[in-house]
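Here's the structure, in structure tokens; my notes come after.
The values are calculated or read from the model by the stated rules, or taken from the named source; none is laboratory data. Not measured: the values here are computed from a predicted model.
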Amino acid sequence: MITVLLASTTFRTGNNTEMVRQQLQKKQLVADKDQSRAVAHAFSDKLWELHTYIGYFIAAFLLARLILEFVQPAEEKIRNRLKMARAADAWQQQEMRHYVMVKRGYLLFYALILIMALTGLGLAFEDVPLFREMRKGLKQVHSLTQYGIYAFVLFHLVGVVMADAGEYPGLVSGMIHGKRRN
């Protein structure tokens, strides 16, 4: 998310072309607009390259998480945990509804990350003829999915703060320090 923000603002080629030309002039070097643009574009390319590598790591971590879901014991699998939560006693229903809602939120998050990873890989491997033909659509889906992730992060942060201030005091402290306060 940070690489997109930086590449779209601070490191945007058009925003830096004149700065490159001025910096070269201070060193008594002359560069025309096209030469300055080429230098500014190189910085933007480096940032997008970093974005691509971060995407590879996210895709690898997602793949590891999916593999883990298949190889872990049955009682630890998300599908079985959701089934157990639905079968809870009446007095546990409210707690279980919250649990199911949170887990479904995480499933949505994983779905968004999966879409982001697959479309990002398609964009990264644009030399493959199939991906070259699909580039415009992949880029649109990739860009649109980022807003779903932003929304999830926002809702997640709000939910954590509300939970910490409400029924689950010490939740944030436990995340930071590794133990809950009583």
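Hey, among 141, 161, 153, which residue is closer than 26 Å to residue 68 by Cα and aliphatic (A, V, I, L, M)?
Values: 141 fails: closer than 26 Å to residue 68 by Cα; 161 fails: closer than 26 Å to residue 68 by Cα.
The match here is 153.
How many residues are modelled with pLDDT of 85 or more and polar (S, T, N, Q) when one looks only at the stretch 146-175?
Number of matching residues: 1.
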